[in-house]
Amino acid sequence: MNSQDRKSIHGIWKGRWTFILAAAGSAVGLGNIWKFPYMAGEYGGGAFVLIYLICILLIGVPIMVAEILIGRRGRNSPANSMAYLAKEANTHPHWKFLGVMGAVAGLLILSFYSVAAGWAFAYIFEGFNGTSAEYYNLEFNNFLKDELKLISFHSIFILATVFIVARGVIKGLEVWLNRLMPLLFLIVILLAIYATQTGAFLEGVNYLFSADFSKIKPSVILAALGQAFFTLSLGMGAIMAYGAYMPAGQKIGSTALSVAFLDTLVAILAGIAIFPIVFANNLEAAAGPGLVFVTLPWAFVNMPLGLIFGKLFFVLLSIAALSSAISLLEPGVAWVVESLKTKRYIAAGALGLIAWTLGILSALSFNLLSDFTPIGDRNFFDSMDFLSNQILLPLGGIFIAIFVGWVMKRENVLEELEMNEGWVLKVWYFLLKFLSPVLVGVVFVAAVFFGVT
Ligand code: PFF
């Protein structure tokens, strides 16, 4: 039975654009606006950007197609969609674990993601009137030491996420994503225009796009691949969960390309907005995670209309984080609703509470619990990041590629994609069956066993 005949009990989105907005909402997040610019800065600009783009196209898009396909054909939460498709392929029902692992990874990511999103939210209330770059360094460090403040903003963020997910697929997700995403795109574009007017525009753009090939090292390739994966929300079922709500008849291949395009566009626009501002103020491009919270506020202090645009920037970051957080919670909530037949708001509340509790440990890892290092010498926040992004997401991605590439029947895949045999399909199958599992596997082994990140 294909997705024409099956319906999701959670609802199917009505809007033609909703799936693209929702998947782009999941993809565009802290990863684009906070992580991408600072990684590009740390790894030397253009060389990193080029490899990142290649990874998005050759590995990200094919796996995204696979995830949407599983979700839409299964028409259930990732766990139950996997179970359904395993049955359809006459194979072992244990494939369900892939969806379960995804739901767990979603909660783990949500727990620390929400703490970082809380920083963005807190910075909306910044006055942008500091007196030196050092001032902002100190301010950020003091903020990280303030347990109560960190936990408060983390709590507000989780509450907002739970509220939207609890309202349901149509009244919560569809309504809110249709409101938030256009606003997000508008702000990114405004900020990029602002950067062209006030910043060292050409220097910034040059930095992002001129590739110095001597800077390409294994660690850069690994970082770019990991980031491509994280930024597209792949490997944990977020896109799969959304696939279940995608109307039948919408083409999966071109939709995945559009989502990847939008995600990349926002990352690049964020870079175009940030680097010219950084260079115009003679600040350090390779400032690391502090780029957005330390370097940028100081730059805004020194610019015309800096207060307004500074606030706008952090509104943007908060919206982007919220639309991603929704997709981290949804796979688990859909699964609990299906399995336990509970009301959605109870499932959302209960899973939100779990993520909130774990998140407290992340918030405390910058102060009270800074000596608690569960994985290697990483604090709790970094351990959660490592466990989910370096272990669970790549593992999920490999299995998804293997399942669709090797386990599902080709005729069913073709039917769901609404495609015929041809070179596009051949290329996609090749990327999915061979390239993705091998490359992602290499990254996984390098990161986990050799510590290359
Ligand atoms: N793609 C999001 C970002 O770039 O910030 C993060 C993310 C969301 C990862 C949802 C995984 C996920 F399932």
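Structure notes:
- As for the range 334-355, it holds no residue that is within 12 Å of the ligand (Cβ to nearest atom), out of contact with any Leu (no Cβ under 8 Å at 6 or more places or on another chain) and open to solvent by less than 60 Å² (accessible area, probe 1.4 Å).
- Only one entry of Val104, Val162, Val115, Val100 meets the criterion of being in a helix (DSSP H, G or I), away from the ligand (no atom under 15 Å from the Cβ) and within 30 Å of Ala22 (Cβ to Cβ), and that entry is Val162.
- Just so you know, in the range 36-90 the residues that are open to solvent by 20 Å² or more (accessible area, probe 1.4 Å) and hydroxyl-bearing (Ser, Thr, Tyr) include one that is nearest to the ligand (Cβ to nearest atom), and it is Tyr38.
- Residue check, Ser318 over 19 Å from Gly31 (Cα atoms), of a type in the set (Ser, Thr, Tyr) and either within 16 Å of the ligand (Cβ to nearest atom) or crowded, with 17+ Cβ neighbours inside 10 Å (or both): no
- Residue in the range 144-152 that is closer than 26 Å to Leu387 by Cα and open to solvent by less than 30 Å² (accessible area, probe 1.4 Å) present: yes
- Any hit, the range 329-338, residues being closer than 30 Å to Arg167 by Cβ, over 18 Å from the mean Cα position of the chain (by Cα), at pLDDT below 95 and of a type in the set (D, E, K, R): no
- Taking the range 321-333 as the range and being within 13 Å of the ligand (Cβ to nearest atom) and more than 15 Å from Leu177 (Cβ to Cβ) as the test, the residues that pass are Pro331, Gly332.
- Cβ-Cβ under 7 Å pairs, at least 6 apart or on other chains, the range 322-336 side under 12 Å from Ala350 (Cβ atoms), far side within 10 Å of the ligand (Cβ to nearest atom): Leu329/Gly106; Leu329/Leu110; Gly332/Gly106
- Failed item in (1) closer than 17 Å to Ala105 by Cα; (2) not aromatic (Phe, Trp, Tyr); (3) not in a helix (DSSP H, G or I), with Ser327 passing the rest: (3)
- Count of residues meeting criterion [part of a helix (DSSP H, G or I), open to solvent by less than 10 Å² (accessible area, probe 1.4 Å) and more than 16 Å from the ligand (Cβ to nearest atom)] in the range 285-312: 6
- Selection status of Met246, within 16 Å of the ligand (Cβ to nearest atom), closer than 27 Å to Ser81 by Cα and either open to solvent by 20 Å² or more (accessible area, probe 1.4 Å) or not acidic (Asp, Glu) (or both): no
- Selection of the range 34-60 for residues being in contact with a Pro (Cβ under 9 Å, 6 or more places away or on another chain) and aromatic (Phe, Trp, Tyr) yields Trp34, Tyr38.
- Single unsatisfied condition, Phe185 versus (1) open to solvent by 20 Å² or more (accessible area, probe 1.4 Å); (2) more than 16 Å from the ligand (Cβ to nearest atom); (3) of a type outside the set (A, V, I, L, M); (4) within 20 Å of the chain's Cα centre (by Cα): (2)
- The range 14-35: number of residues that are open to solvent by 10 Å² or more (accessible area, probe 1.4 Å) and either near the ligand (Cβ under 8 Å from one of its atoms) or assigned to a helix (DSSP H, G or I) (or both): 4
Here is a yes/no grid of residues against (1) part of a helix (DSSP H, G or I); (2) surrounded by 15 or more Cβ atoms within 10 Å (Cβ to Cβ):
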position: Phe366; (1), (2): no, yes
position: Phe381; (1), (2): yes, yes
position: Met384; (1), (2): yes, yes
position: Asn389; (1), (2): yes, yes
position: Phe403; (1), (2): yes, yes
position: Trp406; (1), (2): yes, no
position: Trp428; (1), (2): yes, yes
position: Phe434; (1), (2): yes, no
position: Pro437; (1), (2): yes, yes
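The values are calculated or read from the model by the stated rules, or taken from the named source; none is laboratory data. The structure presented is a predicted model; accordingly, all values stated were derived computationally and were not measured. In this analysis, Cβ positions are derived from the backbone assuming ideal geometry, glycine residues included, and neighbour counts consider all displayed protein chains. Only protein heavy atoms, including side chains, enter the accessible area calculation; ligands, DNA and RNA are left aside. Shrake-Rupley method; radii C 1.70, N 1.55, O 1.52, S 1.80 Å.
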